[in-house]
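Structure, as structure tokens:
The values are calculated or read from the model by the stated rules, or taken from the named source; none is laboratory data. Only a predicted model underlies this, so the values are computations on that prediction, with no experimental measurement involved. Neighbour counts are summed over all protein chains in view; Cβ atoms, including those assigned to glycine, are modelled from backbone coordinates with ideal geometry. Just so you know, the surface numbers come from the protein's heavy atoms only, side chains and all, with ligands and any DNA or RNA stripped out. Shrake-Rupley method; radii C 1.70, N 1.55, O 1.52, S 1.80 Å.
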Amino acid sequence: MEKLFLQSDDFVGVTFWLVSIAMVASTVFFLYEGLRVKQHWRLSLLVAGLVTLVAGVHYDYMRDFWVAEQTTPIVYRYIDWLITVPLLMIEFFIILRAVGAKVGVQSFVRLLVGTLVMLVFGYFGEAGIMSAALGFAIGMVGWVIIIWEIYGGEAGRAAANAEPSVRSAFNSMRWIVLVGWAIYPIGYVLGYFTGGVDQGTLNAVYNLADFVNKILFGLIIWNLAVRDSEHAHG
Ligand SMILES: *C/C=C(C)/C=C/C=C(C)/C=C/C1=C(C)CCCC1(C)C
């Protein structure tokens, strides 16, 4: 019989379910909290809420896809990332601008190029358009470009001169991109390079990664915005 509903022994399906609900709840939280922070933080919380909103809609489809097919919803996954990762990159710039730091457009373009290389070749590798190993290797180059820009590039230098609260938030956000984002290539390695294709592990790890990198990332920004806003009222 076809399984159309989530089964209690479907561990990966349950992780899809949990993350989809967490995305919905986080969206409401970020949008609501955006109403009570100082003006110049509102856009940051709006973008955090948009990231979890876009992901929440995709997770709704991905969960159903997994439950019915027990295989990776590759296309939904990558369309989601293609929208949400640039939004997360924009978030870096909104934060810097909120505190008056100036960062050029070129820096943003480099982040966008890194993002596209990372995701397009990751997709090629997963969808079988090229070998999983080659897609992975080129995708890794894209991620390195991003890391280089936020640590050593213009955005990194602008943050170094910002006030301490922004510096520490920017540092946490960078850590997310270095450590939190590393969960994705680890998932890829476990999924494709351990003999055969392990769809379950791949998706459970990606789901965990999305939870950390979308929700935790938003909470860091929320924490900075709220602290800064309360400070202003004395
Ligand atoms: C909200 C979604 C996010 C933050 C997605 C991030 C995705 C990555 C960091 C993907 C990285 C990959 C590589 C570094 C190598 C190629 C395989 C990928 C696409 C999984």
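Of the candidates Phe170, Phe211, the single residue that is crowded, with 19+ Cβ neighbours inside 10 Å, under 16 Å from the mean Cα position of the chain (by Cα) and modelled with pLDDT under 85 is Phe170.
Condition check for Gly196 on (1) farther than 27 Å from Phe108 by Cα; (2) away from the ligand (no atom under 16 Å from the Cβ); (3) surrounded by 15 or more Cβ atoms within 10 Å (Cβ to Cβ): one failure, at (3). Would you mind stating whether Ala158 is within 24 Å of Phe108 (Cβ to Cβ), within 11 Å of the ligand (Cβ to nearest atom) and in a helix (DSSP H, G or I)? In short, no.
Within region 50-104, restricting attention to residues that are farther than 25 Å from Asp228 by Cβ and among the polar types (S, T, N, Q), the residue that is least open to solvent (accessible area, probe 1.4 Å) is Thr72. With respect to the conditions (1) at pLDDT below 90; (2) more than 18 Å from Asn213 (Cβ to Cβ); (3) not small (Gly, Ala, Ser), Ile94 lacks only one, and its number is (2).
Taking each residue of region 112-134 that is near the ligand (Cβ under 8 Å from one of its atoms) and part of a helix (DSSP H, G or I) and looking for partners that are basic (Lys, Arg) and open to solvent by 50 Å² or more (accessible area, probe 1.4 Å) with beta-carbon atoms closer than 9 Å, six or more apart or interchain, yields nothing. The condition of being of a type in the set (Phe, Trp, Tyr), in a helix (DSSP H, G or I) and touching a His at 6+ places or on another chain (Cβ under 7 Å) does not hold for Tyr59.
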